[in-house]
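One structure is given below, encoded as structure tokens.
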Amino acid sequence: MPLETEARAEIRSLISDLKPDDGKLLDALHRVQHRYGYLSDEALEVIAEHLKMFPSHVYGAASFYDEYRFDPPAATTVRWCSGPACRLENSNGIRDAMLAVFKLKELGDRTDDNQVEIINGQCNGACELAPLIWIEKQIEHKRDVVGKLSVARAIELARTISNGEYVEEGNETAF
Amino acid sequence: MANMLRKETKLHSEILNIENSYTSIKENADLAYREWCNPIRPRIDVAIDTSSMANGALEIKRELIKLVTERNAALDVSQNHGYGMQWLNPLVTITWPDGTSIVYGPVKLGNITDIIDEAIDRSGAALHLGIGLLSGEHSSLINLREHPFFKNEPDERRLIKRIGFTNPDSIEHYIGTRGWSSFARILYRGMTPDDVRQELLDGGLGGRGGGGFPAGMKWNFLAGASDSEHYMVCNADEGDPGAWVNRVILEGDPHLLIEGMAIAAYATGSQRGFIYIRDEYPLGVERVKNAIKQAEEKGLLGNNILGSQFSFQLEVVRGAGSYVCGEETGLLSSIQGQRGQPRIRPPFPAQAGVFMKPSNVNNVETFSHVPLVLQNGSSWYKEYGTEAMRGTRLFSFSGDIPYTGFMELPFGTPMKDVLESCGNINPGEKLVAIQSGGPLGSLVPASALPTLTLENASFVPYDAMMGSGGIVWVSDRTHLIILNEYISDFVEEESCGRCTTCHGGNQRMTEIFRRIMAGNGRREDEFNLKMIDDTLQHSNCVHGQFSPKPMRNLLQHFRHEYDALVVDRKDSTLTIPAMTQFRVTNTADRRIEDAVAICPVNAFKGEVGNRSIDDEACIRCGACTEIAPNAVVREARADISQSII
Ligand SMILES: Cc1cc2nc3c(=O)[nH]c(=O)nc-3n(C[C@H](O)[C@H](O)[C@H](O)COP(=O)(O)O)c2cc1C
Ligand code: SF4
Ligand code: SF4
Ligand code: FES
């Protein structure tokens, strides 16, 4: 058994009430990611130990899901809505233009300085605002929705995000 | 004999206890709800739901509270759920002591003073934002039941009757509107689990998440399962993009779902339940958790519910962004902490579900109808709908229409009437297709509109399905293949990876669509697409099996568009990047330098006054034409217009 460090003890305290073999793995992963922004190797180990699972099982399961991440998040995450109502409003053009501004190749990529990442998002039923993107700060759990975008507006937003000048609009949602 | 008598008396007193416990809970709740409807001083409710929040509702609420406090106004501020007209969000409702209740929208920060003034003195300061009445009368406003958007809804809403009328975070409001009464009555009337299942079978309640399988029949399977440890599972994964009907219940009336699950658990001998909610619905997670906690506090969930012998533990599992976890066996695997891969059947969930114990999975809406059927009887439930699909269901509408939102509609409602209430297709555009049933659904041609109704049978002749509530109206503004490429890519990304047919097939399909969109369509593409279709039929689950439908629909119903792309290499919509080009038509236009500045790839060449676009560099995003519509055009690309055949 690895040495109990302060870091491990803190992770363990987040999940101490969860029981093994009780359908609690997703919850444990969510709690830890909510706290640290990602799932470190150490965290996966502690979760495995606590829930009496093999670390390989924990990683194998966690890596199945898009929302779990295994590296610290970028300072800003742009989540691009891939849904149908947005596609009908040239969201593909918005995606390509934002990628170009960030000088990134495809969704899922991040800038070398870790300032920005752009990821694929799913429609959550605010389609009256199509086309839309979410601008997120993972660590602070802040999420801004910017809707009824034009490509030009998306480019301007992407430029302010790149320059670190983006100011939240207050259309935040809980997360 | 004496023994039996004692048992009878004990049973009798137990039943009396149950009734008494419920009655005392109900008396308090009735009082609380009466005060909500006729408050001592005016109250302003901000609609807080995912769509409202995206439109800035939280900020509106914060500012309202701030201003009310600053002005020391004799007003209260609370929350409800949006009524369904999402294009008018954010919505605000004012309720006065006399019971008049008016909905306003869209309420922007600049309107807050008007709203507060209106709430205080009813002088009409916010009348310009008035949409309609929830209750009471007004000289110039209609009742929302008469709003054209809800023209096709039943006179009274059934499933979503509380939406807008309650605070979803209040179990008192739920109980004060006859909530938890079906469940309590089952216990104190001593209805047996068999009776409950029979009532549902009589009503013909069909599943709302998949194939419409009768809920009562599924419950019979679980009730009859050998093992005594049973699980009741709610599928709240709602993954179909463009469908958000389950969300309305999770966020708008979570107590209804929970009561439905408690009844289902009682009817099937389940001791434990899970509600699996998609990660994209954080507010749904919060509200459902809160509703569970409140029910536990009232003794309506947990051990010995209302003092009876029946116990039921319910908890929420939050998903983590996987579409295929909505497939019921994938869902079971995911709850167990495994990869969310659909299982191989048999065994079926009723034999081996969560933790390999007998389980039953139903959709959010299926459960939510249960208390209503039991409260009002099966014949009431059958008043709406068709022979094959009984009752009403929630639908969400989006796409190329002016009015995006949700409605509760009877099965069988004519689609042309529905389109009318959505405000018809956007001005200047023509309906081309109806995207129904999400990525595993269909593309129905506009020519079907006269005969299409909200019943699956009317979709079938088009090799199509109605699906689980999401309807996207598609106009001639965008090329359909953009949706096909999106869908096949989605299915591939979300494939669990078990079957090569499924992930490999959809990958190939996407590649073919992309090549066609790049202007390199081939004659044999159709043959290859059909081969992929055949292969996909051998996949393990519906994810793979249904995925070729939208592609098949493209070939069946949109032949002309497909041939134009592949044979003539023409895109009349000018929305496919590689088949179009951008060209400067007026170098002297005053907005041209703005277009140059916005271009994300510096594609403009030449000096000021002599700008042109470098076609190699241009990524066809369209920003320049938005900025300088009189200086840059998007047109068919000149060098690919020759046919291959
Ligand atoms: C890939 C895939 C995704 C699905 N997603 C959902 C979903 O998000 N919600 C849902 O209720 N059913 C979904 N289903 C259908 C479920 O497998 C199942 O049929 C349904 O939950 C049964 O509930 P019902 O009988 O109440 O309709 C999905 C099926 C497949 C194949
Ligand atoms: S059909 Fe697709 S989603 Fe279903 S089991 Fe096979 S690979 Fe997984
Ligand atoms: S379409 Fe986009 S990339 Fe092309 S010139 Fe216009 S702004 Fe630049
Ligand atoms: S499709 Fe983008 S919000 Fe619904």
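The values are calculated or read from the model by the stated rules, or taken from the named source; none is laboratory data. On a predicted model such as this, the values are computed, not experimentally measured, just so you know. Cβ sites come from the backbone with ideal geometry, for glycine too, and all protein chains shown count toward neighbours. Note: areas computed on protein heavy atoms with side chains; ligands, DNA, RNA excluded. Shrake-Rupley method; radii C 1.70, N 1.55, O 1.52, S 1.80 Å.
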- Task: With the condition kept exactly as written, say whether any residue in segment B:615-623 is more than 9 Å from ligand 3 (Cβ to nearest atom), outside the structural domain of B:Arg514 (by TED's automatic domain parsing), out of contact with any Ser or Thr (no Cβ under 6 Å at 6 or more places or on another chain) and more than 20 Å from A:Ile94 (Cα to Cα).
- Result: no
- Search segment B:332-347 for residues that are within 7 Å of chain A (Cβ to nearest Cβ) and pair each with any residue that is open to solvent by 70 Å² or more (accessible area, probe 1.4 Å) and not in a loop (DSSP other than H, G, I, E, B) when their beta-carbon atoms are under 9 Å apart and the residues are at least 6 apart or on different chains. B:Gln336/B:Met356; B:Gly337/A:His57; B:Gln338/A:His57
- With respect to B:Glu511, is the statement that it is outside the structural domain of B:Glu327 (by TED's automatic domain parsing), of a type in the set (D, E, K, R) and open to solvent by 40 Å² or more (accessible area, probe 1.4 Å) true? yes
- Query: Say we look at segment A:39-72 and pick out the residues that are of a type in the set (Ser, Thr, Tyr) and in a loop (DSSP other than H, G, I, E, B); which of these is surrounded by the fewest Cβ atoms within 10 Å (Cβ to Cβ)?
  - Reply: A:Ser63
- strands (runs of 3 or more DSSP E) fully within segment A:75-175 counting 1 or more residues that are modelled with pLDDT under 95 and open to solvent by 10 Å² or more (accessible area, probe 1.4 Å): A:133-137, A:142-146
- Residue count, segment B:559-576 (criterion: within 22 Å of A:Asn92 (Cα to Cα), open to solvent by less than 50 Å² (accessible area, probe 1.4 Å) and not polar (S, T, N, Q)): 7
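Run down B:Ser436, B:Ser398 and say which single residue is modelled with pLDDT of 95 or more, in contact with a Cys (Cβ under 6 Å, 6 or more places away or on another chain) and buried (at least 23 other Cβ atoms within 10 Å of the Cβ). Write out each step before concluding.
Values: B:Ser436 fails: in contact with a Cys (Cβ under 6 Å, 6 or more places away or on another chain).
None of the others qualify; the one that does is B:Ser398.
Checking the conditions here, which among B:Val567, B:Val542 is within 16 Å of ligand 1 (Cβ to nearest atom) and aliphatic (A, V, I, L, M)? Don't jump to the end; show me each part of the working.
Working: B:Val567 fails: within 16 Å of ligand 1 (Cβ to nearest atom).
It is B:Val542.
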- Item | Filtered residue count, segment B:274-296, keeping only those that are over 22 Å from the mean Cα position of the chain (by Cα) and in contact (Cβ under 8 Å) with a residue 40 or more places away in the chain | 2
- Is it the case that segment B:220-233 has a residue that's open to solvent by 30 Å² or more (accessible area, probe 1.4 Å), out of contact with any Pro (no Cβ under 6 Å at 6 or more places or on another chain) and on the phi > 0 side of the Ramachandran plot? no
- Note on the structure: With the first residue restricted to segment A:1-29 and required to be under 25 Å from B:Met356 (Cα atoms) and open to solvent by 20 Å² or more (accessible area, probe 1.4 Å), and the second required to be of a type outside the set (A, V, I, L, M, F, W, C) and in a helix (DSSP H, G or I), Cβ contacts under 9 Å at 6 or more apart or on different chains are A:Pro20/A:His50
- Message: For segment A:83-117, give me the residue count where each residue is away from ligand 4 (no atom under 16 Å from the Cβ), facing chain B (nearest Cβ under 9 Å) and small (Gly, Ala, Ser).
- Response: 2
- Which of the residues spanning segment B:377-402 are touching a strand residue (DSSP E or B) at 6+ places or on another chain (Cβ under 7 Å), over 13 Å from B:Thr453 (Cα atoms) and within 14 Å of chain A (Cβ to nearest Cβ)? B:Leu394, B:Ser396, B:Phe397, B:Ser398, B:Gly399, B:Asp400, B:Ile401
- Within segment B:509-550, the residues that are touching a residue at least 40 places away in the same chain (Cβ under 8 Å) and closer than 20 Å to B:Glu327 by Cβ are B:Met509, B:Ser539, B:Asn540, B:Cys541, B:Val542, B:His543, B:Gly544, B:Phe546, B:Ser547, B:Pro548, B:Lys549, B:Pro550
- Among the listed residues B:Ala628, B:Ala588, which satisfies the condition of being modelled with pLDDT of 95 or more, within 14 Å of another protein chain (Cβ to nearest Cβ) and over 21 Å from B:Ser442 (Cα atoms)? B:Ala628
- Note on the structure: Being over 22 Å from the mean Cα position of the chain (by Cα) and open to solvent by less than 40 Å² (accessible area, probe 1.4 Å) narrows B:Ser359, B:Ser334 down to just B:Ser359
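Residues are listed down the side, and each one gets a yes or a no for (1) within 16 Å of ligand 1 (Cβ to nearest atom); (2) closer than 20 Å to A:Arg87 by Cβ; (3) assigned by TED's automatic domain parsing to the domain that holds B:Met517:
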site: B:Gly438; (1), (2), (3): yes, yes, no
site: B:Leu452; (1), (2), (3): no, no, no
site: B:Glu455; (1), (2), (3): yes, no, no
site: B:Phe459; (1), (2), (3): no, no, no
site: B:Gly470; (1), (2), (3): yes, yes, no
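Table: residues versus (1) within 14 Å of chain A (Cβ to nearest Cβ); (2) open to solvent by 10 Å² or more (accessible area, probe 1.4 Å); (3) modelled with pLDDT under 95; (4) assigned to a helix (DSSP H, G or I).
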position: B:Ile40; (1), (2), (3), (4): no, yes, no, no
position: B:Asp45; (1), (2), (3), (4): no, no, no, no
position: B:Ile65; (1), (2), (3), (4): no, yes, no, yes
position: B:Thr69; (1), (2), (3), (4): no, yes, no, yes
position: B:Pro90; (1), (2), (3), (4): yes, no, no, no
position: B:Pro106; (1), (2), (3), (4): yes, yes, no, no
position: B:Asn111; (1), (2), (3), (4): no, yes, no, yes
- Would you be able to say whether some residue in segment B:297-320 is at pLDDT 95 or above, within 14 Å of another protein chain (Cβ to nearest Cβ), within 16 Å of ligand 2 (Cβ to nearest atom) and within 24 Å of the chain's Cα centre (by Cα)? yes
